[in-house]
Every structure is written in structure tokens, then in C-alpha cells.
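The values are calculated or read from the model by the stated rules, or taken from the named source; none is laboratory data. As the structure is a prediction and not an experimental result, all values here were calculated from the model. Every residue, glycine as well, gets a Cβ built from its backbone with ideal geometry; the counts of neighbours run over all protein chains shown. In case anyone asks, the SASA skips ligands and DNA or RNA and just uses the protein heavy atoms, side chains included. Shrake-Rupley method; radii C 1.70, N 1.55, O 1.52, S 1.80 Å.
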Amino acid sequence: MQSGQFLYQRVIEVINDMISQQVLKPGEKLPSLRKLAMQLSVSIPTVKQAYYHLEGQGRIYSKEKSGYFLSDAEQNALPRRCQLPINPTEVNKQSLIEQVYEGIHAPHQAKFGIANPVTAMSDEAVLAKLMRSTLKQAGEQILQYGAMDGLMELKQQIVQRYLRMGLSVSLDDIVITNGAQEALAIALQCVTQPGDVVAIESPCYFGIIELIENLGLRALEIPVCPDDGLWLEDLAKALTQHDVKACVCSTSINNPIGSAMPENRRQSLLKMLVERDVILIEDDVNGDLHFTKHRAKPAQFHAKPGQVITCDSFSKTAAPSYRIGWMLAPGYVQRARRFKRALSCSSSLINQWVLAEYLASGAYDRHIKKLRLRLQENKQKMLCCIRRYFPEQTRISDPRGGCVVWVELEPQFDGGKLFNRAIAEGISLAPGQLFSASERFQNCIRLSYGQPWHEIHEVSLKRLGELITMMMSDESEP
Ligand SMILES: Cc1ncc(COP(=O)(O)O)c(C=O)c1O
């Protein structure tokens, strides 16, 4: 052992040796904690620490009651870094978004187009029971308008969750919204005027692109690294060249690429934005769906009032149909309340009530723990199928959480055409262009593993691989 090296690092070295000597191959089970601890004469917690570390890097993953496995992602070629654009762009994506939205929401045998992780393991029985008991308890009260900024009991639960992460939050700084989408819309309206430039991730969740278009803003696309979130070097350059008002960014897990911004980069991001008076609007909807041991702390954790607005919801973890989200907006609450009142008055009281009970009972935490494991298993299955059935040159992201994987095909490939062909065969997917405010990512697609995994999913991925290969050979013909 090298001097200054911790014991767990020695364990990691041993595992690295096993991988390089192919004693351990992608997808195979690692030795149990007890066995490795005995073999290396270290304690079980030391091996556990090494496994957590490797899990955090996405190199291994755990399966409920089965132990740890070597990620298949070891062999993935990651998507390439795209270029920082010279200028911000006016956005004109609404008609494409509308078409794709209709396409992916129609019934299909394999729904790879919708990022709805809850379907992978929904907690419907528990939520239904809570709904019945809430209706009984609340009686006629439940039919009234709720408080404009949200149900106190739910806000208290949210505050407690932040407290457990180490973030002390005032109840008054929270406004309950209709999903994270409304929170993002209000946040953008709080800090921008039509015509302003907003820095966004590239690729970026298309709901944000649509909002930017609707609010008459301009988008500046900052490339996202498949591992660590926004390329901060690119953002720094963009901030010196343009008058950027706000930066919308997933500080935990990006949709569609699945990258996760490490804590030190989140701090650097904030510092960079604060120096230039740019407000960070952080989209944290996938924060609870991390595949690492700990949940990432929101950037709000490091901020002073007025620097960050955090947007989040229960859509990815409990029930998207409830349409309950929130914003944590120190310094902007008065403005946020005005927008909320003008937009929708208040959010569904019964749904807030049920969620408050769900969180208070501990059932939510039990559920997301299981959901995360299920999603991790599904991710491995999907990556395996993509590698098996898609052309060799395919590049795949290695999601650190959430429920989607980003697939990059040859530069001339048309993801839009594939979308139409696949839809015609009952397979939905999201074409890459949807995730750019301009015309990027034509050769990319996003696939969701947020669903119960059946044989039909493997069959459908095989078919997608065939379609891609066919399309590529059609295009290469003179
Ligand atoms: C990254 C991201 N942000 C925000 C939203 C909107 O969430 P909600 O359904 O809570 O409005 C979504 C939904 O797909 C999302 O993927």
C-alpha cells in the first residue's frame, strides 16, 4: 500500500486490477463485501466505502438483495462535446415539439419517448389509500381554493427535506406550483424581460426551450459534458461575450444526457454567475433519482438570497398527474407570488394534502429508494441492448441518475426520420433536435428506461437497431 493511501483506495486498486486482467467483466457480480473484506484483511465498512466510491463514479451498480455488479458502461463511447455557438438564438421550436409530443403520447408497445420514471415502479396503492383517507378526513374543506402559495403542511415537509440535506430554508421562500414547469415559467418571468438572453444547457429539456420561445427570450446554448454537467469553460467564455440575464441548468441530473454536476463544479458555476450578476435557475426535478449514495445538494445551498431560484416537483418521483411542484426563491418570493396568482391562483389542494401525508409517513423515501434501484437495473438493461443491437459507432451517455439515455449516431444520421419510422412500428423515442434551441443534435435520440422492463423492450430496441442500420446504409448509397 502506498503511504498516505486510505484503506478503501487499496480496495479500489484491487478491483481495478481485477477489471484490467478481465477477472471481472462488464455485467458480472463483484465479490460480496464479506468475502472481499476477508480476502484483503480489511473491515466490511472499508470495502463498502470502496464500493460506494465506485458506484458514485457509475463504474459499478447495486441490485436489491443481489449485491454489486460491474457496469456495462465501462465500454461506452460517450457523446462528443458540441461547439459553443457564436451568438444567442431566437427560438422557433414549438411546432416540432407539438408534433413529437403528440407522437410520443399515443399508445405504443415500447414507450422510449416519454421520460416518466414513476411508471418503472409506481406507488399507486399507497397513494390511492392516502387519497381515500385524506378525502374522509378533510371533508368539504378539500373542495375549496387552497392558499395561493401552497398548503402549509406540504411546505413544512419540503422544508424538512431541505433541512435533512443541510439547507436551512424559510417556509416563506417556498411557493407551491403546478409542476416544475410552472415553477420554471415563473422563475424566468421573475428575472427576465422579453428579448433577454438566457443561457441553457445543450442538450436541454425541451420544456425549457418552449418556455424561452413563449416568453420571447433568446437562448444561448452551453454544451453539456456527459459526465459533469455544463462545460464551465464554455460558460465562462459565453458570459464574457454576451449580456446573459439568467442561466437555467440542472444542477443534479441533466435531461436528456443524464450527467451529474459534482459539488465543486456547482460551487464554481455559482461563483461564476454571481460575479456577473446572472441569476441561476436550477432545475432539480431529477435530484432524488441519483444513482450515487448521496443526493446532490442544490446550488441554493451555497447561495445568498437573490442569486438562485430552485425549481422542483414530485412529477418524477411520485405522480406527474398531480401536477405539484415548487420553487424555492429567496429574494423573489413577492414577485413569484404575483405571477402565481395571475397564472393559476393556487394548486390542487387534495393533491398537495396527499403528498404532505405521503412525505410525513416516510412512504415517499421508501418508495424513491426502490425506484432508484429499479431505474439503475433498467439502465443497465437498456445500455446492454443498445450495445448489442445498434451500429458499432454508436455513442451512448452513461446516466448518473434519472431515466433517460442519450444516443449519438453518425453525423449525417437523421433522428427525425427514425422517429417517424419507429412511431409507425409502435416504438416511441424522442428525436435529438427537440433538445436544442437551434438545429443541433439531428443525429441523436433520447431513449427512456423509465418503465417496467419486459421482453418487448429488448425486441423493440433490436428493431430500432435494425432501422438505424438500414437508414445508415440507405444514406451511404450513391
Ligand atoms: C428536466 C425537467 N425539468 C422540468 C420538467 C417539468 O416537470 P413537471 O412535470 O413537474 O412540470 C421535466 C419534465 O419532464 C423535466 O424533465
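Taking the Cβ of residue 264 as the center, what net charge do the other residues with Cβ under 13 Å away carry, scoring Lys and Arg +1 and Asp and Glu -1?
Working: positive: 265, 266, 271, 297; negative: 228, 263.
Result for the local shell: +2.
Please give me, ordered by residue number, the chymotrypsin sites (Phe, Trp or Tyr not before Pro) of region 106-193 that lie in loop per DSSP and have at most 16 other Cβ atoms within 10 Å.
Passing both the DSSP loop test and the Cβ count: 145.
I'd like the FRET efficiency for residue 345 and residue 453, computed as 1/(1 + (r/R0)^6) with the beta carbon distance as r and R0 of 41 Å, rounded to 0.05. Before the final figure, lay out each step's value.
Numbers: r = 40 Å, r/R0 = 0.99.
Using R0 = 41 Å, I get an efficiency of 0.50.
When the Karplus curve 6.51 cos²θ - 1.76 cosθ + 1.60 is applied with θ = phi - 60°, which whole-Hz ³J(HN,Hα) does each residue of region 431-439 get, with x for Gly and Pro?
For region 431-439, the Karplus-derived couplings read x, x, 4, 4, 9, 10, 6, 10, 10 Hz, x marking Gly and Pro.
Give the peptides 399-410, 146-157 in descending order of average Cβ contacts within 10 Å, highest first.
Working: 399-410: 26.0, 146-157: 19.1.
The densest-packed peptide leads the list: 399-410, 146-157.
Just check the chain against the gyration tensor rule for me: Cα atoms, a ≥ b ≥ c as the square roots of the eigenvalues, rounded for a/c under 1.5, and otherwise prolate or oblate depending on whether a/b exceeds b/c. It would help to have the intermediate numbers written out before the result.
Numbers: a/c = 1.37, a/b = 1.16, b/c = 1.18.
Taking the square roots of the gyration eigenvalues as a ≥ b ≥ c, the chain is rounded.
Given H placed 1.01 Å from N in the peptide plane, which residues other than close sequence neighbours of residue 220 have an amide H under 5 Å from its amide H?
It is 89, 198, 199, 200, by chain and number.
Quick one: net charge of residue 310's neighbours, Cβ under 9 Å, K/R +1, D/E -1? Walk me through the numbers on the way to the answer.
Details: positive: none; negative: 282, 283, 284, 312.
Within the 9 Å Cβ shell, the charges total -4.
Can you list the residues, at least 5 places off or on another chain, whose amide H is less than 5 Å from the amide H of residue 116, using H built in the peptide plane?
Result for residue 116 returns 450.
Spelling out what I want: for every residue of region 127-144, take phi, set θ = phi - 60°, compute 6.51 cos²θ - 1.76 cosθ + 1.60 (Karplus), and round to whole Hz; glycine and proline get x.
Rounded to whole hertz, the list is 5, 5, 5, 5, 4, 5, 5, 5, 4, 5, 5, 7, x, 5, 3, 5, 8, 8.
With n ≥ 4 as the cut-off for DSSP H runs, can you work out [θ] at 222 nm for the chain, using -39500 (n - 2.57) per run divided by the number of residues, rounded to the nearest 500? Don't skip to the answer; put the middle values down first.
Details: 15 runs with 204 residues, N = 478.
Here the helix-only value at 222 nm equals -13500 deg cm²/dmol.
Determine ³J(HN,Hα), in whole Hz, for all residues of region 264-274 in sequence, where each value follows from phi through the Karplus function 6.51 cos²θ - 1.76 cosθ + 1.60 and θ = phi - 60°; x replaces Gly and Pro.
For region 264-274, the Karplus curve yields 5, 6, 4, 5, 5, 4, 4, 4, 4, 6, 4 Hz.
Leaving out ligands, DNA and RNA, what percent of the accessible area of the chain is carbon and sulfur, probe 1.4 Å? Before the final figure, lay out each step's value.
Numbers: 10240 of 20540 Å².
Carbon plus sulfur share of accessible area: 50 percent.
What does the accessible area per residue of the chain come to in Å², with a 1.4 Å probe and no ligands, DNA or RNA counted? Mind showing how you got there, number by number?
On the way: 20540 Å² over 478 residues.
With the other protein chains kept in place, the chain gives 43 Å² per residue.
Starting from the amide H of residue 253, placed 1.01 Å from N in the peptide plane, find each other amide H under 5 Å away whose residue is 5 or more places distant or on another chain.
Here 286, 287 satisfy the definition.
Please sort 217-230, 355-368 by packing, taking for each peptide the average over its residues of neighbouring beta carbons within 10 angstrom, highest first. Mind dumping the intermediate values first?
Values: 217-230: 23.2, 355-368: 18.1.
Result, highest mean Cβ count within 10 Å first: 217-230, 355-368.
Could you tell me which of rounded, prolate or oblate describes region 124-364, using a ≥ b ≥ c as the square roots of the eigenvalues of the alpha-carbon gyration tensor, with rounded for a/c under 1.5 and, failing that, prolate when a/b is larger than b/c and oblate otherwise? If you can, show how the numbers build up before the last one.
Working: a/c = 2.02, a/b = 1.60, b/c = 1.26.
The shape class here is prolate.
What full-extension length gain, to one decimal in nm, is calculated for residue 86 and residue 466 as 0.36 nm per residue of separation minus the Cα-Cα distance?
Details: separation 380, 0.36 × 380 = 136.80 nm, distance 3.72 nm.
Roughly 133.1 nm would be gained on extension.
Looking at 22, 45, 8, which one has the Cα that reaches farthest to the positive end of the dipole of region 7-75 (charges on Cβ: Lys, Arg +1; Asp, Glu -1)?
Working it through, the farthest residue towards the positive pole turns out to be 45.
Hey, what did region 7-75 get for relative contact order, percent, Cα under 8 Å, at least 6 apart?
Numbers: 72 pairs, mean separation 26.2, N = 69.
In percent, rounded to a whole number, it is 38.
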